[in-house]
1. Given the structure, is residue 639 crowded, with 24+ Cβ neighbours inside 10 Å and touching a residue at least 24 places away in the same chain (Cβ under 8 Å)?
2. Could you list, in sequence order, the residues of the stretch 347-391 that are among the basic types (Lys, Arg) and under 31 Å from the mean Cα position of the chain (by Cα)?
3. Would you mind finding the one in 541, 514 that is out of contact with any helix residue (DSSP H, G or I) (no Cβ under 9 Å at 6 or more places or on another chain), aliphatic (A, V, I, L, M) and within 20 Å of residue 699 (Cβ to Cβ)?
4. Can you tell which of 672, 651, 691 is of a type in the set (A, V, I, L, M) and open to solvent by less than 10 Å² (accessible area, probe 1.4 Å)?
5. Can you find even one residue in the stretch 83-106 that is on the phi > 0 side of the Ramachandran plot, part of a loop (DSSP other than H, G, I, E, B) and open to solvent by 10 Å² or more (accessible area, probe 1.4 Å)?
6. Run down 495, 469 and say which single residue is in a loop (DSSP other than H, G, I, E, B), open to solvent by 30 Å² or more (accessible area, probe 1.4 Å) and closer than 25 Å to residue 347 by Cα.
7. Tell me, please, whether a residue that is of a type in the set (D, E, K, R) and open to solvent by 60 Å² or more (accessible area, probe 1.4 Å) can be found in the stretch 28-41.
8. Answer with yes or no whether residue 58 is open to solvent by less than 20 Å² (accessible area, probe 1.4 Å) and within 23 Å of residue 147 (Cβ to Cβ).
Amino acid sequence: MAGRDASLVKGLEAILGRRGVLTDRAALLVYSRDASHLTLGLPLAVALPTDVEQVRAVVQACAGAGVPLVCRGTGTGLSAGAVPADGWVVLSTARLNELTALDATESMIFAQPGVLNAAVSERAAPAGLHFAPDPSSQSASTIGGNIAENAGGPHCLRHGVTLQHLRGLQWCDARGVAHHTGTGPAGGRGFHLDSLLCGSEGTLGVITGSWLNLTPSPDHESTLLAFFNTLEAATTAVGSLLRQGLQPVAVEMVDQAMLQAVEEAFAFGFSTSAAAAMICEFAGSAQAVAGDADRARQILEVAGATQVRLAADAVERAELWKCRKKAFGAVGRLTPSYVTMDVVVPLGRLPHLVTAIQEIKARHGVKVSTAFHAGDGNLHPGVHYDDRDPASHQRAQAAADEIIRTALDMGGSCTGEHGVGMEKLHALPWQLDPVSAGLQAGIKHLFDPAGLLNPGKAVPRAEGQYRPRPEPPTTCRPDWDSLTLAAPADLTMDRLQAQALERGLWIPTGLAVAGESQGLGANLGLRTLYDHQPAGPALLAGATLRDVLLESWAVTGDGRPFHGGAPVFKNVAGFDLGRALCGAAGAFATLEAATLALRPAPELAQMRVFNLPPEALALADSWLLSLVQTLAAGQAGTAGFNLVLDGPRGLLGCLVAGSDCPWDLGRLDEALAEGLARACPDVAETHRQSLPFARGGELLAADPLPAWCRSHARWTVWVKTPTAQPGGTVPLDRRWIYQSAARLWWTPDDGPMPAGWLGDPILLDGERPLPPAPSSRATAEILAGLKALFDPGNSLGPAWSPSGKSHHD
């Protein structure tokens, strides 16, 4: 061992103790691999820190010695993202396994990176909550690894990938300096560092903790297993399900080769004569999922399913899921090695890609077995080869590359969830434009100027022929088959929503009402909503714009046009520039156009208004936040809800969206009655009105609803900080709107907020102010560097308020 290396190992042992540093060859061999088939070399040492300060000290020691460092969880990655080269240090986060501070009211929990994915849901279960991202490796993969890869899983179809469930992050940079995003600007305005860090594969910093948003657990699941004689019929059926208004939580598929491998390995009793097997799952109340499952069965049978089997109970449901969850564990019986991909295409192109893969398979003379996250267009073709035969490997790699190129030609991505790692570095130029690639390389250099954090992974290389930037849309361009809508940034949301609602779909960022520019129903332009996310309290929003943003076209401050993302539901090819810039007040780049995800529109919008007697207001601390929790847990298929509270006038309004049936709006009626019963038995309902959802904006014209909800020159968003203790109060001496999609409180009134909350004025005298200043000097330095990268001449103006205040006084 060279002198520098020996000195570094001794330094690590001084930090971690002898038992906290592994240097024996057997251990180094274990940590030299992940679940991919790729290797680089043997690490110098494996560091096993047990707390955040030790992590920072290890990073500082490696930086001082100039030795590269790669973070590793449990090694379940499939793209060689955690594989070290010779002489690197592996920083294992396995011993950072603190899981604390479950806040059931805010549906939030804190987890260190070594916590297993499944352990989060186990901890949250007694509160009726769970962590929605569920990769197939969830029993073994860690939260740190999930964040590094922006992991999804079968149930991300309805609930979204890891980024959609992050409330904030603790991390340290390449110098070992601590940062956090969780107590920054209320409502998430400003450059969104979480969007850069999540999915960055450890190339920008080391995650040391995360505040995770949790999801209410359903009362019931209903799972179908359907068999098809052709892959084309099976993949076409996926679009039929989703376009007919159903909202399954998962639609998964395996082809015949994969089905045979699973059956040979585990003998579950599945038929192996079918060309494809599909799992379709619904979750919610027992009545709701029974109805959805019956509709789905009919649709699948019309689409060509030869058999549709419904799980009779939880045990049988678990057995059906084994057909998908055990898929890649069984492939080893078919071949010594295989190239695993995770290409993703727009949903409407899924049948075309499946057909193309069969042609590629025949042309290259290879075997391919495929598992699908079919509901979001994400395929995992495994191209088989014999690693003892170089020609076999070459054919497999050529076939894999052709599959990737074909997916990209269809508007897809080279990686939907496994990440780039080193496996897909060669494919990045096929997807990215040169300006986007240059910006990503610039971001890497800014965060890691010495290039010591997982070098050679995920980040585009300087060399390569990058593809031209696709042309941005100049008119509204819906793709109904793929459930997406692309539009230029100057169009207003009412026009975009109107087109979608005509098809029974909508952009779940809230209904927009022509003529309204502030408050509920504000009809903002797409660029304004993008620049000032979230731009104000929204009417019946089911998501924020950042949640539904798939693709963006923008121009830097010095005139360089670039493109981010793809018109697909999952994409982890490089840093997520589009979402990172969403909410940055247009200070880094100017949005030209965007592609947004569509969802089935609810059937009805409903408003209810109650008079609150003085005794109810006096007891607000004991019931208001629990009412919010009760309503959130009581939702079935609803799009979202608003609580409208006028404390001085003693009025409480509730706006909800859903279907007029006992298990949807009827269930919310029960939740509302239960929550208000805690306030006072004498709470009186004074108004109730229901309208078709497309006309939901008309509810704002109702006399019982306070006029200040429709238009006001001042709005401040309040949010509980992730570091606050559970509980807390909302003072009722003012006026409030609660927005369920982003879990935010809004008020037009001044006044102090209790400890543990942050306030951010987002509308002052009718103008939208800049985001609050960064929460620390170290973070400010990073943001200043990003500003210089995107807008070197400062032509787009300042990036945050010059007052330097990070909260509203």
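1. yes
2. Correct list: 349 only.
3. Step by step, each of 541, 514 is checked, and only 541 is out of contact with any helix residue (DSSP H, G or I) (no Cβ under 9 Å at 6 or more places or on another chain), aliphatic (A, V, I, L, M) and within 20 Å of residue 699 (Cβ to Cβ).
4. One residue alone meets the criteria, 672.
5. yes
6. Numbers: 495 fails: in a loop (DSSP other than H, G, I, E, B).
Residue meeting the stated conditions: 469.
7. Filtering the stretch 28-41 down to residues of a type in the set (D, E, K, R) leaves 33-34.
Those still in the list that are open to solvent by 60 Å² or more (accessible area, probe 1.4 Å) too: 33.
Yes.
8. For residue 58, the condition - open to solvent by less than 20 Å² (accessible area, probe 1.4 Å) and within 23 Å of residue 147 (Cβ to Cβ) - is met.
The values are calculated or read from the model by the stated rules, or taken from the named source; none is laboratory data. All figures in this text were calculated on a predicted structure; none of them were measured in a lab. Cβ atoms come from the backbone with ideal geometry, glycine included; neighbour counts cover every protein chain shown. Areas reflect the complete protein model, heavy atoms only, side chains present, ligands, DNA and RNA absent. Shrake-Rupley method; radii C 1.70, N 1.55, O 1.52, S 1.80 Å.
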